[in-house]
Amino acid sequence: MKIQSEEWIRRKLEEVQLSGYIFGDSVKSVEQRFGIERSKILKLDSNENFFIPKDKLAKLIVEAVGEFDPRLYPQEEEQELREKLSAYVRAPADCITVGSGSDELMERITRLFLEKGEQALSISPTFSMYRHAVTLQRAEFIEVPLREDFSLDIKGLLSKVTPKTRVLFLCSPNNPTANQFKTDDVERLAEAFPGILVVDEAYVEFAENSVVQLTLKFENLMVLRTFSKAFGLASLRLGYCVANTGIAETLSKKVGLPYPVNTIALKVGAKILENVGIVENAIKKMKLEREKLTKALNIISGVKAFDSQTNFVLFQTDKPSTKVYQGLLKRGIIVKNLGSILKFNNCFRATVGLPEMNVRLIEALKEICSKND
């Protein structure tokens, strides 16, 4: 019996070992490996928002801490946040589900709509957590490559639909290609896809438009959002989903665990929505830096940067990505080493940092990509 138990445990672990989020080098590992002072290491691999002043966020957090009793479970805080989100996204409060980050909501969605042996579709390349959420349900994850210009292959996606297909994940703007898909294309998919279309708009505040309003038109459309990017609250793990009232209520009350979001996150989310000007100002500054960074990267010999509708820039180098990546690490700069993306080799994703951060990245790449390095 013990041998059978050990075999069963091993098999279960192997079923999910290839899924999940892949973490890169940490600040601590770079500090220890290269002897670089931690305060001088640039962490540009996770698309965090450096443009919202830390002291302003800290002030909101201190206010939130002083307004609740940690001995109590969350009470009316979730409803208050949903009402403020309703005004922000211009959708009814009962169409909104709040979660512990949008990742946690992805897992709720797959638990609700996917069973073992069923299928989910997505694009390639895209955010790795869709595969992870699907794999945990013992369902099949099918990818359809983007076109070479990073646009959607709608015909290709719909050609993969089978009687077992239940969910289609679409990241727009897409991570890591940084482009936003056309609203008309999303609408075409919502009309033609026979299951649930989940559009992940984690980076939408940095782009030009949103498809949230289409959730009022299409019963099968769900839109995921997060406070981690534009709002600068990555550490609090707060996200939300907009869908029709039936799905939203089920996702909130039947699929999620009781009290999935802590009170501090709920209260800080509400407070920053009351002070949304802080976010809007940060976005304006980031967009200016994004434009400057993209232009500066494209001036470097052997580097090509792509247009971005996010708070990161995708770029490729002529030199091997492993060589460039290690060269950046030696200089205390951490970016995301993506390798090959479609027909493009040696690709990287770098967060748009503050001006002085971007200058360091540019100067480092100039040195590394020169003929003599």
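The values are calculated or read from the model by the stated rules, or taken from the named source; none is laboratory data. Source: prediction; values computed, not measured. FYI the Cβ positions are ideal-geometry reconstructions off the backbone, even for glycines, and counts take in every protein chain you see.
Would it be correct to say that ASN275 is in contact (Cβ under 8 Å) with a residue 12 or more places away in the chain and more than 20 Å from the chain's Cα centre (by Cα)?
Values: in contact (Cβ under 8 Å) with a residue 12 or more places away in the chain: yes; more than 20 Å from the chain's Cα centre (by Cα): yes.
Criteria met by ASN275.
For LEU152, state whether it is touching a Lys or Arg at 6+ places or on another chain (Cβ under 9 Å) and either in a loop (DSSP other than H, G, I, E, B) or under 20 Å from ALA248 (Cα atoms) (or both). Don't jump to the end; show me each part of the working.
Working: touching a Lys or Arg at 6+ places or on another chain (Cβ under 9 Å): yes; either in a loop (DSSP other than H, G, I, E, B) or under 20 Å from ALA248 (Cα atoms) (or both): yes.
So LEU152 fits the description; yes.
Residues of segment 42-73 being closer than 15 Å to LYS285 by Cβ and β-branched (Val, Ile, Thr), which ones?
Within segment 42-73, ILE52 is the sole residue that qualifies.
Quick check: anything in segment 326-333 part of a loop (DSSP other than H, G, I, E, B) and crowded, with 22+ Cβ neighbours inside 10 Å?
Step one: of segment 326-333, the residues part of a loop (DSSP other than H, G, I, E, B) are 331-332.
Applying the additional criterion that residues be crowded, with 22+ Cβ neighbours inside 10 Å yields none.
There is no residue in segment 326-333 that is part of a loop (DSSP other than H, G, I, E, B) and crowded, with 22+ Cβ neighbours inside 10 Å.
Taking the options THR135, THR215, THR162, name whichever one is modelled with pLDDT under 95 and more than 17 Å from THR310 (Cα to Cα). I'd like the intermediate steps shown before the answer.
Details: THR215 fails: modelled with pLDDT under 95; THR162 fails: modelled with pLDDT under 95.
Answer to the selection: THR135.
For every residue, the table says whether it meets (1) free of Cβ contacts under 8 Å to residues at least 24 places away in the same chain; (2) more than 30 Å from PHE68 (Cβ to Cβ).
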position: ALA282; (1), (2): no, no
position: LYS285; (1), (2): no, yes
position: VAL303; (1), (2): no, yes
position: TYR325; (1), (2): yes, yes
position: LYS330; (1), (2): no, yes
position: LYS336; (1), (2): no, yes
position: MET357; (1), (2): no, yes
position: ILE368; (1), (2): no, yes
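Being aliphatic (A, V, I, L, M), on the phi > 0 side of the Ramachandran plot and at pLDDT 95 or above narrows it down to one of LEU266, LEU342, LEU354, so name that one.
Values: LEU266 fails: on the phi > 0 side of the Ramachandran plot; LEU354 fails: on the phi > 0 side of the Ramachandran plot.
Every option except LEU342 fails the conditions.
Find the residue count for segment 209-246, including only residues that are surrounded by 18 or more Cβ atoms within 10 Å (Cβ to Cβ), without any contact (Cβ under 8 Å) to a residue 40 or more places away in the chain and part of a helix (DSSP H, G or I).
1
Tally the residues that are part of a loop (DSSP other than H, G, I, E, B) and either under 16 Å from LYS12 (Cα atoms) or outside the structural domain of LEU170 (by TED's automatic domain parsing) (or both), restricting the search to segment 119-147. So that I can check it myself, show each step before the final result.
Residues of segment 119-147 that are part of a loop (DSSP other than H, G, I, E, B), as a first pass: 125-128, 137-139, 146-147.
Add one more test, that the residue is either under 16 Å from LYS12 (Cα atoms) or outside the structural domain of LEU170 (by TED's automatic domain parsing) (or both), and what stays is 137-139.
Adding up the residues that qualify gives 3.
Read through the list (1) at pLDDT 95 or above; (2) surrounded by fewer than 23 Cβ atoms within 10 Å (Cβ to Cβ), then give the number of the only condition that LYS254 fails.
For LYS254, the failing item is (1).
Residues being under 21 Å from the mean Cα position of the chain (by Cα) and aliphatic (A, V, I, L, M): count how many of those fall in segment 294-314. Lay out the reasoning, then the answer.
Taking segment 294-314 and keeping what is under 21 Å from the mean Cα position of the chain (by Cα), we get 294, 305-314.
Those left that are additionally aliphatic (A, V, I, L, M): 305, 313-314.
Qualifying residue count, segment 294-314: 3.
Criterion first (of a type outside the set (Lys, Arg) and buried (at least 24 other Cβ atoms within 10 Å of the Cβ)) does ALA282 satisfy it? Outline the logic, then answer.
Numbers: of a type outside the set (Lys, Arg): yes; buried (at least 24 other Cβ atoms within 10 Å of the Cβ): no.
Spelling it out, it is not the case that ALA282 is of a type outside the set (Lys, Arg) and buried (at least 24 other Cβ atoms within 10 Å of the Cβ).
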